[in-house]
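Have a look at the structure below before the remarks.
The values are calculated or read from the model by the stated rules, or taken from the named source; none is laboratory data. Since this is a predicted model, take the numbers as computed values, not measurements. When we count neighbours, we look across all protein chains shown, and the Cβ atoms used for this are built from the backbone with ideal geometry, even at glycine. What goes into the accessible areas is simple: the full protein's heavy atoms, side chains included, and nothing from ligands, DNA or RNA. Shrake-Rupley method; radii C 1.70, N 1.55, O 1.52, S 1.80 Å.
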Amino acid sequence: MSDFIPVNEPLLNGNEKAYLCECIDTGWISSEGPFVKRFEKEMAAYVGRKHGIAVCNGTAALEAAVQALDLEKGSEVILPAFTIISCAQAVTKAGLVPVVIDCEPDTWNMDVSRIEEKITDRTRAIMVVHIYGLPVEMDAVLELSKKYGLKVIEDAAEMHGQTYRGKQCGSFGDISIFSFYPNKHITCGEGGMIMTDDDMLAERCRGVRNLFFSARRYMHEEIGSNFRMTNMQAAIGVAQLEKIDEHILRKREIGHRYDELFADLQDVMLPVPKRDYADNIYWVYGMVIGSRYDFDAQEAMKRLGDMGIGARSFFYPIHRQPVYVKQGMFKNVSCPNAERISERGFYIPSGLGITDEQIEIVAKAVKTLFA
Ligand SMILES: *Cc1c(COP(=O)(O)O)cnc(C)c1O
C-alpha cells in the first residue's frame, strides 16, 4: 500500500546526515562524544535552564528525575490519569504511590482544580504532563506546590517550544523532562533530556544516568542505570534543534489547516485552539467522537485504516491499566473524562513529514467517516 499515509513521519532535512557522518568519521559514536554536551548546552539555553542531562529516551528521563528527587518510599505523587504509562511507572518503580487526577473534558490536561482535594500528609510531589498541544495551568500547580511544599516534576515530552504565559514549557518543574522520540517536535530517533536549575539534582541525574560511577571507578554508593545517550543520537538532536522554530510553525500550520477542514463536523471534539495562557502547538491532532455516533475510536481507526489513513488511539487511563489493576491498585478510583476520551479519542496523521496534499486526503477520509 504505497499510498498509505502513516500517523507520523519525521522531517530530517537539515544537518542530520552531516553531523552523523562526523560521528563516524571521527570514531565518536559512544556517549563520550562531543555532540552530547553540545546538545545538552543548546537545549538548556533554548529552554532557559541551567542544566540539561541527555539520556536514552523520555521514559528513562522520567525515571531518573523521580529517582534523583529521592522521595521517601511510600509517599504519594499526584499525576494525571490521562497520560502515558512512563509517568506512572517512574513513580511506582521508585516505590512511590501514584494518585491520579481526572482530565478536563476539552483540553485533555489534568484538571488542576481537583488537585488540592487529593493532597494528604504523604503527598510529596505533583507530576504535570502537558498533553497533546496545550500546557497545564501552571499557575495553579505552582501555587499548590508552594502552599504544601511539594516538588514539581514537569513532563514536557510533547511540548518543545510551547510556552505558558510566554515562558518555555520544560522550565517550570523543579525537574522537567523532554523526549526526542520520532513523533516529537524534534527527534534523536530515541532520546530524552532532564532539565533543572538545581546543581545537586543535576549531579544526581548524571549519577543515575551512568550507574553512579564514583571517583574510584567500579565502586558505587547507589544503584543507578545505564541511561546514556550516544553521540549519534545527540548529533541528530543538534541538527533538529537548529530547525525547531520551523518545526513549530509547521505543526501549527498543520493544526490550523485541519481546524479549517473540520469546521463543519458535527459532534466531534477537536483540539482547543487556544487558552489565555497559550496557543495550541498541535503535537498531535486529536479528535473525540461524540455520542451521536455508534462507533468508538477503535472502530474509527479501523475504518480510516481501510481508507489508507494511519491513526492512533488516545492514552489508556493509568487507573485502568491492567498491570496496576492486577496489583489491586486504584480500587475505587474513577475518572470519567479520562475514561471517556480513551474510548472515543484518536489522532490522525500530523507529523512533520506530512505534505499539504496528504492533509487534504486525510481530511476527506475523516469527513467520510463522520458523514
Ligand atoms: C513520548 C512521551 C514520553 C516517553 O518518551 P519516550 O522517549 O518514548 O520514552 C513520556 N511522556 C509523554 C507525555 C510522552 O508523550
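Out of the residues in the range 230-248 that are β-branched (V, I, T) and within 22 Å of E158 (Cβ to Cβ), state the one that is surrounded by the fewest Cβ atoms within 10 Å (Cβ to Cβ). Spell out the reasoning first.
Narrowing the range 230-248 to residues β-branched (V, I, T): 230, 236, 238, 244, 248.
From what's left, within 22 Å of E158 (Cβ to Cβ): 236, 238, 244, 248.
Details: I236: 29, V238: 23, I244: 16, I248: 18.
Per the criteria, the residue is I244.
If I ask for residues that are more than 23 Å from the chain's Cα centre (by Cα) and in a helix (DSSP H, G or I), which ones from the range 209-256 would you list?
none
Failed condition for V91, given (1) within 14 Å of the ligand (Cβ to nearest atom); (2) touching a Gly at 6+ places or on another chain (Cβ under 8 Å), with all others met?
Among (1) within 14 Å of the ligand (Cβ to nearest atom); (2) touching a Gly at 6+ places or on another chain (Cβ under 8 Å), the lone unmet condition for V91 is (2).
Touching a Gly at 6+ places or on another chain (Cβ under 9 Å), open to solvent by 30 Å² or more (accessible area, probe 1.4 Å) and at pLDDT 95 or above, is that true of L11? If you could, list the steps in order and put the result at the bottom.
On the way: touching a Gly at 6+ places or on another chain (Cβ under 9 Å): yes; open to solvent by 30 Å² or more (accessible area, probe 1.4 Å): yes; at pLDDT 95 or above: yes.
The answer is yes for L11.
Among what's in the range 78-95 and is part of a loop (DSSP other than H, G, I, E, B) and open to solvent by less than 10 Å² (accessible area, probe 1.4 Å), pick the residue that is farthest from R312 (Cα to Cα). Break it down into steps so the answer makes sense when it comes.
Filtering the range 78-95 for residues part of a loop (DSSP other than H, G, I, E, B) gives 81-84, 94-95.
Going one step further and asking which of them are open to solvent by less than 10 Å² (accessible area, probe 1.4 Å), we end up with 81-83.
Values: A81: 19, F82: 15, T83: 14 Å.
This residue is A81.
Name the residue, out of F262, F227, F212, that is of a type in the set (A, V, I, L, M, F, W, C), touching a Cys at 6+ places or on another chain (Cβ under 8 Å) and surrounded by 13 or more Cβ atoms within 10 Å (Cβ to Cβ).
Working: F262 fails: touching a Cys at 6+ places or on another chain (Cβ under 8 Å); F212 fails: touching a Cys at 6+ places or on another chain (Cβ under 8 Å).
It is F227.
Show the residue pairs that are 6+ apart or on different chains and have beta-carbon atoms under 8 Å apart, the first residue being within the range 51-70 and near the ligand (Cβ under 8 Å from one of its atoms), the second being of a type in the set (D, E) and open to solvent by 10 Å² or more (accessible area, probe 1.4 Å).
Pairs that qualify, where the first residue is near the ligand (Cβ under 8 Å from one of its atoms) and the partner is of a type in the set (D, E) and open to solvent by 10 Å² or more (accessible area, probe 1.4 Å), are N57/E190.
Can you say whether S113 is of a type in the set (S, T, N, Q) and either away from the ligand (no atom under 16 Å from the Cβ) or open to solvent by 30 Å² or more (accessible area, probe 1.4 Å) (or both), as far as the supplied structure shows?
On the way: of a type in the set (S, T, N, Q): yes; either away from the ligand (no atom under 16 Å from the Cβ) or open to solvent by 30 Å² or more (accessible area, probe 1.4 Å) (or both): yes.
The answer is yes for S113.
Could you please tell me which pairs satisfy a Cβ distance under 9 Å, a separation of 6+ or placement on different chains, a first residue in the range 288-314 that is under 16 Å from Q358 (Cβ atoms), and a second residue that is acidic (D, E)?
Note: pairs meeting the criteria are G308/D3.
Can you pull out the residues in the range 173-205 that are away from the ligand (no atom under 14 Å from the Cβ) and open to solvent by 10 Å² or more (accessible area, probe 1.4 Å)?
D174, D197, D198, D199, M200, L201, E203, R204
Hey, could you check the range 155-171 for residues that are buried (at least 24 other Cβ atoms within 10 Å of the Cβ) and not acidic (D, E) and say which is nearest to the ligand (Cβ to nearest atom)?
Among residues in the range 155-171 that are buried (at least 24 other Cβ atoms within 10 Å of the Cβ) and not acidic (D, E), the one nearest to the ligand (Cβ to nearest atom) is A157.
One line per residue, one yes/no per condition, for (1) more than 16 Å from E203 (Cα to Cα); (2) at pLDDT below 95; (3) open to solvent by 50 Å² or more (accessible area, probe 1.4 Å); (4) acidic (D, E):
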| residue | (1), (2), (3), (4) |
| --- | --- |
| G33 | yes, no, no, no |
| R38 | yes, no, yes, no |
| K41 | no, no, yes, no |
| E63 | no, no, no, yes |
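Kindly indicate whether I119 is open to solvent by 20 Å² or more (accessible area, probe 1.4 Å), in contact with a helix residue (DSSP H, G or I) (Cβ under 7 Å, 6 or more places away or on another chain) and of a type in the set (A, V, I, L, M, F, W, C).
Numbers: open to solvent by 20 Å² or more (accessible area, probe 1.4 Å): yes; in contact with a helix residue (DSSP H, G or I) (Cβ under 7 Å, 6 or more places away or on another chain): yes; of a type in the set (A, V, I, L, M, F, W, C): yes.
Yes, satisfied.
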